[in-house]
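Visitor: First the structure, which I've put down as structure tokens, then a few questions once you've had a look.
The values are calculated or read from the model by the stated rules, or taken from the named source; none is laboratory data. It should be emphasised that the depicted structure is a prediction, and the values quoted were computed from it without experimental measurement. Counting neighbours? That spans all protein chains shown, and the Cβs are built from the backbone with ideal geometry, glycine included. Accessible surface is based on the protein model in full, side chains and every heavy atom, while ligands, DNA and RNA are left aside. Shrake-Rupley method; radii C 1.70, N 1.55, O 1.52, S 1.80 Å.
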Amino acid sequence: MRGGLRVGVIEKRRFGGLLMNARRVENYPGFPGGISGKELADLFTGQLLTSGVTCIEDEILEIRPGKRHLLVGRSDIYQARYVVIATGTRPKSLDINVDIDVFYEIIDLPDHSKRVAIIGGGDIAFDYALSCDDAGIEVTLLLRSPPKAHPMLIKEVQERKRIGIINGISCIFTRNGKLVAPTDCKEHTLHVDALVVAIGREPEDGLLSMVHHQENIFSAGSMKFPSRLRHVGIAIGDGIRTACIILSKKEVDHGDYKTMGR
Ligand SMILES: Cc1cc2nc3c(=O)[nH]c(=O)nc-3n(C[C@H](O)[C@H](O)[C@H](O)COP(=O)(O)OP(=O)(O)OC[C@H]3O[C@@H](n4cnc5c(N)ncnc54)[C@H](O)[C@@H]3O)c2cc1C
């Protein structure tokens, strides 16, 4: 907007993205005591809404490159001279057949959840366990191998006596509506309302793979980076860098963004 371009942001699920799940962000400048992911995401979204950017709820299914690129959404078709793909990451899915509800993001857990199992041993699984405990949800972490989460997160989880940890699970399944998690020495049976799967994330790069190396189509944010570099500050910096590249292009014309009916 500051550069004189008309800008639209198209989001398929919720503005704020993955950050909405983060319990406490302590590495984003300007918030010395940390800030919850939801609060930070709400600040970003609030600024977007007041900056004149058009916010659209739709899922882009296809990009057709051209002088003006066509973005084919579930509900509409959009055209733009410049496209930035910032679709983030998707969770690695777990191939299981259980008869309890399975979620991949903690923000999707129903409000009435009382007991939850989380499978995963990385930062996200441990962060989710702390969020559940904060919310008074009885939570058990299921780990296949030793934890890979940040040592501070591991320490904090270990200090919370209410958080259960079961190490070395070989598989999970349900029996009579209960979650069964066998290890070498014991078969653990858990009565839970939901299972949260947090076993890693991979780039959501389906759209990007359709349009690789096309002129005036860019990518930005965490989808470009390995997991150790998937930080809000890096994603935002990369977005700003991409915007600067677009603005430096000679043929920037005004009024680039408009909606076309189907
Ligand atoms: C539990 C947890 C804790 C975290 N803690 C921290 C922390 O403390 N500090 C930190 O720096 N980072 C943290 N992160 C990471 C941080 O959330 C990410 O780095 C950041 O969200 C990346 O932003 P992004 O915009 O690149 O991607 P995302 O936030 O993933 O946003 C991508 C968006 O694109 C949308 N989308 C995808 N495909 C389409 C499509 N086809 N059409 C329309 N929309 C689409 C998605 O719905 C999503 O909203 C944490 C993450 C989690 C899960």
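Visitor: With a ≥ b ≥ c the root eigenvalues of the C-alpha gyration tensor of segment 1-96, is it rounded (a/c under 1.5), prolate (a/b larger than b/c) or oblate?
Guide: On the way: a/c = 2.52, a/b = 1.35, b/c = 1.87.
Taking the square roots of the gyration eigenvalues as a ≥ b ≥ c, segment 1-96 is oblate.
Visitor: For n ≥ 4 DSSP H runs only, could you compute -39500 (n - 2.57) per run for the chain, divide by its residues and tell me the 222 nm figure to the nearest 500?
Guide: -6500 deg cm²/dmol
Visitor: Starting from the residue with the highest accessible area, list Lys92, Lys249 in decreasing order, probe 1.4 Å. Kindly include the intermediate steps, with their values, before the conclusion.
Guide: Values: Lys92 85, Lys249 55 Å².
Output order, biggest surface exposure first: Lys92, Lys249.
Visitor: Measuring from a point 7 Å past the Cα of Arg90 along Cα-to-C-beta, which residues in segment 13-41 have an amide N at less than 20 Å?
Guide: From segment 13-41, the list is 13-21.
Visitor: Then there's this: Under 13 Å Cα to Cα from Lys224, which aspartates and glutamates show up? Leave out anything in the same chain fewer than 8 places away.
Guide: List returned: Glu202, Glu204, Asp205, Asp238.
Visitor: For Arg6, what residues show an amide H to amide H distance below 5 Å, using hydrogens built from the backbone and excluding near sequence neighbours?
Guide: Residues meeting the criterion, in which the H sits 1.01 Å from N, are Gly255, Asp256, Tyr257.
Visitor: Considering amide H positions built from the backbone, and no H for Pro or chain starts, which residues 5 or more places from Lys12, or on another chain, come under 5 Å of its amide H?
Guide: Asp58
Visitor: Can you tell me the orientation of helix 123-134 relative to the chain, as the angle in degrees between its alpha-carbon axis and the longest Cα principal axis, to the nearest 10?
Guide: So the helix axis and the longest Cα principal axis differ by about 70 degrees.
Visitor: With every protein chain kept in place and ligands, DNA and RNA left out, what is the accessible area per residue of the chain? Probe 1.4 Å, answer in Å². The partial results should precede the final answer.
Guide: Numbers: 14700 Å² over 262 residues.
In whole numbers, the chain has 56 Å² accessible per residue.
Visitor: Amide H neighbours of Val192 under 5 Å, counting only residues 5+ apart in sequence or on other chains, H built in-plane at 1.01 Å?
Guide: Leu179
Visitor: Of the accessible area of segment 1-112, with the probe set at 1.4 angstrom, what percent is carbon plus sulfur?
Guide: Working: 3190 of 6520 Å².
Percent of accessible area from carbon and sulfur atoms in segment 1-112: 49.
Visitor: To continue, here is another question. With every protein chain left in place, what is the accessible area of Met223 in Å² (1.4 Å probe, nearest 10)?
Guide: In the full protein context, Met223 sits at about 10 Å².
Visitor: Could you compute the net charge surrounding Phe31? Neighbours are other residues with a C-beta less than 12 Å from the C-beta of Phe31; K and R count +1, D and E count -1. Present the calculation step by step, with values, prior to reporting the outcome.
Guide: Values: positive: Arg24; negative: Glu26, Glu39.
Charge balance in the 12 Å sphere: -1.
Visitor: Which percent, to the nearest 5, of DSSP beta bridges fully inside the chain are antiparallel?
Guide: Around 50 percent antiparallel, to the nearest 5.
Visitor: Also, quick follow-up: Angle between the Cα long axis of helix 37-50 and the longest principal axis of the chain, 0 to 90 degrees, nearest 10?
Guide: Computed tilt is about 20 degrees.
Visitor: Go through Lys12/Lys67; Lys67/Lys249; Lys161/Lys186 and tell me which ones have a Cα-Cα distance over 23 Å in this structure.
Guide: On the way: Lys12/Lys67 25 Å; Lys67/Lys249 14 Å; Lys161/Lys186 21 Å.
Pairs exceeding the cut-off: Lys12/Lys67.
Visitor: Accessible area, 1.4 Å probe, largest first: how do Leu142, Leu49 sort?
Guide: Largest to smallest exposure gives the sequence Leu49, Leu142.
Visitor: While we're on this one: Work out the length of the dipole vector of the chain about its Cα centre, built from +1 on the beta-carbon of each Lys and Arg and -1 on the beta-carbon of each Asp and Glu, and round it to the nearest 20 debye.
Guide: Here the size comes out at about 500 debye.
Visitor: Hey, what D do you get for the chain in µm²/s if you plug the Kirkwood alpha-carbon radius into Stokes-Einstein at 25 °C and 0.890 mPa s? Don't skip to the answer; put the middle values down first.
Guide: On the way: Rh = 20.4 Å.
For these conditions, the coefficient is 120 µm²/s.
Visitor: Leaving out ligands, DNA and RNA, what percent of the accessible area of segment 127-262 is carbon and sulfur, probe 1.4 Å?
Guide: Percent of accessible area from carbon and sulfur atoms in segment 127-262: 54.
Visitor: Would you mind checking Lys38/Lys148; Lys92/Lys148; Lys114/Lys148 for any pair whose Cα atoms are more than 20 angstrom apart?
Guide: Exceeds cut-off: Lys38/Lys148; Lys114/Lys148.
Visitor: List the relative contact order of the chain as a percent without decimals, with contacts defined as Cα pairs under 8 Å and 6+ residues apart. Let's see the in-between values first.
Guide: Numbers: 478 pairs, mean separation 62.1, N = 262.
Worked out over the chain, it gives 24 percent.
Visitor: Each residue of segment 5-17 in turn: what ³J(HN,Hα) in whole Hz from Karplus with 6.51, -1.76, 1.60 and θ = phi - 60°, glycine and Pro shown as x?
Guide: In residue order, the calculated couplings are 8, 8, 10, x, 10, 10, 10, 8, 10, 8, 5, x, x Hz.
Visitor: Now for a different question. Pairing the Cα long axis of helix 232-248 with the longest principal axis of the chain, what angle in degrees results, from 0 to 90 and rounded to the nearest 10?
Guide: 10 degrees
Visitor: In nanometres, what is the gap between the two model label sites at Ile245 and Gln47, each 7 Å from Cα along Cα-to-Cβ?
Guide: 2.1 nm
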